[in-house]
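The values are calculated or read from the model by the stated rules, or taken from the named source; none is laboratory data. Every value quoted in this text rests on a predicted model; they were computed, and no experiment measured them. Ideal geometry is used to build each Cβ from the backbone, glycine not excepted, and the neighbour counts take in all protein chains shown. Each accessible area value is taken on the protein alone, full model and side chains, heavy atoms only, with ligands, DNA and RNA left out. Shrake-Rupley method; radii C 1.70, N 1.55, O 1.52, S 1.80 Å.
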Amino acid sequence: MAAVPDFSRPSFPRRRGVGAALALAAALLLAYAPLFHAGFVWDDDAFVLRPDLHSLHGLARIWTDLSATEQYFPVLHTAFWLEHALWGDAALGYHLANLALHAAAALLLARLLGRLGFAPFAAWLAAFLFALHPVGAESVAWISEQKNTLSTVFYFAAALAFLRWRAGGGRKGYLAATLLFALALLSKTVTATLPAALLVVFWWQAGRLRWREDVRPLLPWFALGAASGLFSGWVERVYIGARGADFGLALPARVLLACRAACFYAGKLAWPAGLNFIYPRWTIRLGDPAGWTAALALACVLATLVLLARFRRGPLACALLYLGALFPTLGFLNVYAFIFSYVADHWQYLALPPGLAGAAWLWERASRSRAALRYGAAGAVLLLFGALTWRQAARYRDPEGFYQAILARNPDAWMAHDNLGIFLANTHREAEAAAHYQRAAQLQPDYPETYNNLGNLLARERRFGEAIGEYERALRLRPGFAAARANLCKAHCDFGAALGNAGRMAEAGAEYRRALAVQPGDPEAESGLGLALAYGGAAEEALPHLRRAVDARPDSPELHTYLGFALEKAGRPGEAADEYRRAERLRPSDPEIHYHLGQALRAAGRYDEAERELDAAARLHSAR
């Protein structure tokens, strides 16, 4: 395996490959059978169930508007757009698509390893291990992580295309490989590691790197990857919020975090027990013995592999490929999810193939003369992996079971408490939701979304004073929190409406003024304040507020009616009739509007018109 292979030759006999591919597909269907009854969890709705993105205009926004989607991965969201056109909001379609992409990635891995000189058994064993490894279940069962499966398909396809071009292809072959690499980057930026991975492969095969044959063709890819990474990091900071005290680790602390994360991932790769969607967030300190132990262990392993590379380069190459695929999420770059955990199973998805390929190659070499051991032990491991994957996939059946499974292994996962609270609130289990929100706030008192969510729950229960306090806490933590500001404004308006209905007009007006202090010009606050003033005997003072509300929403019959009412109270029945007439044109079948118009016309001395409107009001009312 030290010589450069012929990348243009077939990897292994086609008939054997078809049979292995069918077996892999069958194994995946069995291992992921729970997904056939699974739904949407976590932020799947932000990726899939966005009605504003399902049109052709939405498709254009996916590519041109950085704020249109949670992350700027336009190829991924275009795939979701196409899938929604095919099966709408049915979760099964998205699960099957993700499973198909995972299967395609495993098949491409087998083909790629065959072209790199792996024996058929080792290549297919690596593909099966990748397909069934329970660490990969998070990427396959979580619909949002289609960015992992889709980008990995493009990643392996780009690698294969580049190897074919390197073996003697023309310019079109190189352009095709580059296009596939660009599609991978636009599906998920972590694929920017591909050109570095190819250089490691070339060094492993030949023992050296040649500028013209190996390095120079990949320079445009390095430039594409670097630009994509810088852009993605900027989006992560500016649009997603990966900045602030939670991301303020100094470089030495980041090195310790990276060493600890790398050892954690290697442990889950070798022994996938205790898997969880959210792992406890470590406290990273320079005096932390766990970090230094991990750093020492990693340094010893790498030093041993470097020494071994004088005789066999494969183990070091696998380690470099593994760490390289993990690098974007090891802690040197800020990732928003660091606010609740520094590690996640889906961050290891692209790193699984090199680690498992190395294990498969070693197993093939060690069991070459013992067929029973080779196939029997491999089959036992795959059966165990399939069972563990089935158990992991079953956790994605419904949101409540999903969050409860997280909390069973990590009771202090405050983000899971917060999200479970949202689910419980949406299913009208307010008391349980409040308990989870309060627990989330205890565990993470600096997360404004929790207070906003608790405020929404309290407002729904018409506990407006308490809701206002929660919204204000959220805004103290994040003054630019637009949703909390809008909710605070609405809570003041709703509180004002409740006070107005109780006849407490002065207090109602005060709440509406507070709403306008939060959101100047808000139509609901302006109209509410105007009505409170009109009912409280200050009709002239009410008019400017109601006019501003009408200007903001000229198509609202209610607002025209409110303005007409205030004009009547101000002793201007002719102008009131004009406003009621505008409301009537917008909603001609409303007897209340006809009645108010008739009264205003009568007060203005236009008796014939008033009689017609009052008759129309009576007819419409009796017809209801």
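Below, the figures for the structure above:
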quantity: For the chain: lysine pairs under 28 Å (alpha-carbon distance), excluding those fewer than 8 apart on one chain; calculated: 6
quantity: Karplus-derived HN-Hα couplings along the stretch 188-200 (A = 6.51, B = -1.76, C = 1.60, θ = phi - 60°), whole Hz, x at Gly and Pro; calculated: 6, 6, 4, 5, 4, 6, 4, x, 5, 5, 5, 5, 4
quantity: Three-way shape call for the chain based on the alpha-carbon gyration tensor, with the a/c threshold at 1.5; calculated: prolate
quantity: Accessible surface ranking that places the most exposed of 62, 240 first, with a 1.4 angstrom probe; calculated: 240, 62
quantity: Average accessible area per residue (Å²) across the chain - probe 1.4 Å, nucleic acids and ligands excluded; calculated: 45 Å²
quantity: The chain - percent of accessible surface contributed by carbon and sulfur, probe 1.4 Å; calculated: 61 percent
quantity: Burial ranking of peptide ranges 88-95, 333-340, 550-557 (average Cβ count within 10 Å, highest at the top); calculated: 333-340, 88-95, 550-557
quantity: Simple Cβ-charge dipole of the stretch 470-624, Lys/Arg +1 and Asp/Glu -1, about Cα centre, in debye nearest 20; calculated: 460 debye
quantity: Under DSSP loop assignment and at most 16 Cβ neighbours within 10 Å, longest GluC sites (Glu not before Pro)-free interval of the chain; calculated: 71-460
quantity: Relative contact order for the stretch 29-158, counting Cα pairs under 8 Å that sit 6 or more residues apart, in percent; calculated: 30 percent
quantity: Inter-part distance where the stretch 180-254 and the stretch 502-553 are each reduced to a Cα centre, Å; calculated: 55 Å
quantity: Trypsin sites (Lys or Arg not before Pro) within the stretch 189-292, DSSP loop, no more than 14 other Cβ atoms inside 10 Å; calculated: 208, 210, 243, 285
quantity: Rough spin-label spacing in nm, given labels placed 7 Å along Cα→Cβ, for residue 302 and residue 90; calculated: 5.0 nm
quantity: Percentage relative contact order, the stretch 573-624, counting C-alpha pairs under 8 Å, at least six apart; calculated: 37 percent
quantity: For the stretch 412-559: rounded, prolate or oblate by the Cα gyration tensor [a/c cutoff 1.5]; calculated: prolate
quantity: Relative contact order %, the stretch 536-624, counting alpha carbon pairs below 8 Å whose residues are six or more apart; calculated: 22 percent
quantity: For the stretch 293-327 versus the stretch 37-90, the gap between their alpha-carbon centres in whole angstrom; calculated: 40 Å
